[in-house]
Amino acid sequence: MLTNSQTPTVAAASSSEFLPPTDGKTRVRQFMQRLQDEISQQLTELDGVSKFNEDGWERPEGGGGRSRILRDGAVFEQAGVGFSEVWGDRLPPSILAQRPDAEGHSFYVTGTSMVLHPRNPYVPTVHLNYRYFEAGPVWWFGGGVDLTPYYPFAEDAKHLHQTLKQACDKHNPEYYPVFKRWCDEYFYLKHRNETRGVGGLFFDYQHSDSGLYGGTDPHGAAAGYSNQVGKPAPRTWEELFAFVQDCGAAFLPAYVPIVERRHELEYGDRERNFQLYRRGRYVEFNLVYDRGTLFGLQTNGRTESILMSLPPLVRWEYGYKPEPNTPEAELYETFLKPQDWINWTPSA
């Protein structure tokens, strides 16, 4: 059953302002490439040792991309920042399951996606993805950012959430409350009964006539808040594109200060082993739940680029339980459960 935000709609109004402009694909592609360039450049400067190697690729059915990988750096053990644009005549099942109204149309999708795996266990892993999809009269924007710490620093979570909220509030004060809850819902490992990290933003299927929430849980916190505030007034393509651009620009101010605070902290084998163990959760999520991974594989994307989000080293341990009253236990007890990070205070 489709939610309100997924109800097939050609346009919110007869005006062309609610349809993609003729140069829309080009403008989004250029933005996604520029975002990749800006992030790659600053991460290179931040690492100070290694540089990104670019690997261009083409998709036989239409499209291609450029994957950039930084390995064995001073700060990042592995960092992947990718751009892709794909087009074709046959939509994959993962899209048609969510938007059956797109069936029968050729499609175009472009986006920037990245995952950074730091060397120091005190620096959190981070994921970013922003994307644009178009199939005939059907179009939408989606994306987000989420932070996965291995050792808990609440001020880091607060900083990331505050920065993302500022970007959202420029466009709609209800964006952050809905998309934060949606992020907590999406990056959730059901088989582990824990979130992947401390969340951030996640949104999808945002088009002119959509509601704010378009996920699969009509009884969850995100759906409840979205229903409470109601469906927004029709939003133009330009308004949503401006929102995505501001979200993309917020990434570096949200993440870089956290890296700068943590990457020189001393650590030992205990912290390193715990980091590698927790990286296993990242692998589990990306291979079991992640829709981007599924879409890429179903559209015959480049496997190396699709799976560049996976960490270079990881370990599993049977029946692991953290020792009580340790930072590892605090991660499980507090940081792997949805929290109101914006209003966090040290006394809390």
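A short reminder: the numbers here are calculations on the coordinates, not readings from a lab. Keep in mind that what you see is a predicted model, and the values were worked out from it rather than measured. Reconstructed Cβ throughout: ideal geometry from the backbone, glycine too, with neighbour counts over all protein chains shown.
Structure notes:
- Inter-label distance, nm, simple model (7 Å from Cα along the C-beta direction), Lys51/Glu17: 4.6
- Cα-based shape type of region 221-275, given that a ≥ b ≥ c are square roots of the gyration tensor eigenvalues and the cut on a/c is 1.5: oblate
- Paired Rg and Dmax values of region 152-252, which use every Cα atom, in angstrom: 13.7, 40
- Shape of region 90-232, Cα gyration tensor, a/c cut at 1.5: prolate
- Per-q log10 I(q)/I(0), region 38-100, q = 0.12, 0.15, 0.22 Å⁻¹ (Debye; single scatterer per alpha-carbon; no solvent): -0.45, -0.60, -0.84
- Entries of Lys180/Lys321; Lys170/Lys231; Lys25/Lys170; Lys51/Lys180; Lys25/Lys51; Lys158/Lys190 with Cα pairs more than 21 Å apart: Lys180/Lys321; Lys25/Lys170; Lys51/Lys180; Lys25/Lys51; Lys158/Lys190
- Scaled radius of gyration (Cα, divided by 2.2 N^0.38 Å) that region 59-154 gives: 1.36
- For region 307-348: rounded, prolate or oblate by the Cα gyration tensor [a/c cutoff 1.5]: oblate
- Extension gain for the segment Glu304 to Asn227, taken as residue separation times 0.36 nm less the Cα-Cα distance, is 23.7 nm to one decimal.
- Sorted peptide list for 227-240, 29-42, 105-118, criterion being average Cβ within 10 angstrom, highest first: 105-118, 29-42, 227-240
- Normalised alpha carbon radius of gyration of region 26-66 [divisor 2.2 N^0.38 Å]: 1.41
- Share of pairwise Cα separations in region 198-247, more than 13 Å, in percent: 62
- Scattering from the chain was approximated by placing one identical point on each alpha carbon and applying the Debye formula without solvent; log10 I(q)/I(0) at 0.07, 0.11 1/Å stands at -0.28, -0.71.
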